[in-house]
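The structure under discussion appears below in the form of structure tokens.
Laboratory data are not the source of any read-out in this text; all were calculated from the coordinates shown. Note that this is a predicted model, so its numbers are computed, not measured. For neighbour counting, all protein chains shown are included, and Cβ atoms are generated from backbone atoms with ideal geometry for every residue, glycine included.
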Amino acid sequence: MRATDPSINRKRTMARLLIVYGTTDGHTRKIAEAVQDYVLAFGHMAVVMNAARHPVLRAADRWDGVIVCAPLRRRRHPAAVVRFVRDNRERLAHLPTVFFSVSLAAAGNDLAGARACVDEFLAETGWHPGMVRLVAGALLYTRYNWLVRWIMRRIARANGGDTDTSRDYDYTDWQRLREDVEEFVLGAVPAGRVAGGRLVSV
């Protein structure tokens with residue numbers, strides 16, 4: 001009997017993950033798409049969906065986990081994300097979940113403030129995600145209108161931050177984000193699934 005090459009028909013488990021995001025200036029969408037890339041690199045399937053499209057979790061979709069990414073602006077997360085979590089809270093309670101709260105507070109010295117805003121969001125929605133991570137956001141001066149640019153510059157100056165409004169500042173720790181996604185995926189992968197990853201955006 002001939003020996004079998006272990007590289008032939010190699011099988012691996014695959015998770016089907018839904019990534020839902022809200023965004024104000026586009027950076028959280030960038031984060032959601034990076035999360036999707038990480039999931040794909042780990043050999044799994046990922047679907048990215050904007051919370052503004054009113055996604056609904058259905059049992060027939062057979063998701064293995066849900067990742068929610070939401071920016072923090074004026075101490076609030078987007079209404080579309082609040083609505084998604086509230087509308088799908090029962091289904092979320094039966095799935096592995098992680099919440100990535102994206103903020104400038106997480107990039108500076110106000111982690112306690114960022115955490116307090118997350119606690120308010122979770123209390124408001126009644127959601128209890130399995131993982132919660134604070135993610136540093138970005139100062140996107142070139143994308144703001146003049147009023148927001150002026151306000152954000154004043155805030156940055158008061159906190160010793162970057163104030164050159166001719167450029168943008170990305171504070172996200174992408175390596176740490178990748179590690180957090182890997183941690184979540186390892187817990188969400190079901191037993192017995194076969195094949196490689198697939199990338200889907202809607």
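Structure above, values below:
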{"item": "Unit charges on C-beta of K, R, D, E only; dipole of the chain, Debye", "result": "460"}
{"item": "Computed over the chain: relative contact order in percent, which uses C-alpha pairs under 8 Å that are six or more apart", "result": "29"}
{"item": "D_trans [Stokes-Einstein, Kirkwood Rh over alpha-carbon pairs] for the stretch 22-100, 20 °C, 1.002 mPa s, µm² s⁻¹", "result": "162"}
{"item": "Net length gained if the chain between Ala116 and Arg53 were fully extended (0.36 nm per residue, minus Cα distance)", "result": "19.9 nm"}
{"item": "Projected area averaged over orientations for the chain, convex hull of C-alpha atoms, nm²", "result": "13.4"}
{"item": "5 angstrom amide H check on Val132, placed H, neighbours 5+ away", "result": "Phe99"}
{"item": "Computed [θ] at 222 nm, helices only, for the chain once each DSSP H run of length n ≥ 4 contributes -39500 (n - 2.57)", "result": "-11000 deg cm²/dmol"}
{"item": "Antiparallel bridge percentage (DSSP; both residues within the chain; nearest 5)", "result": "10"}
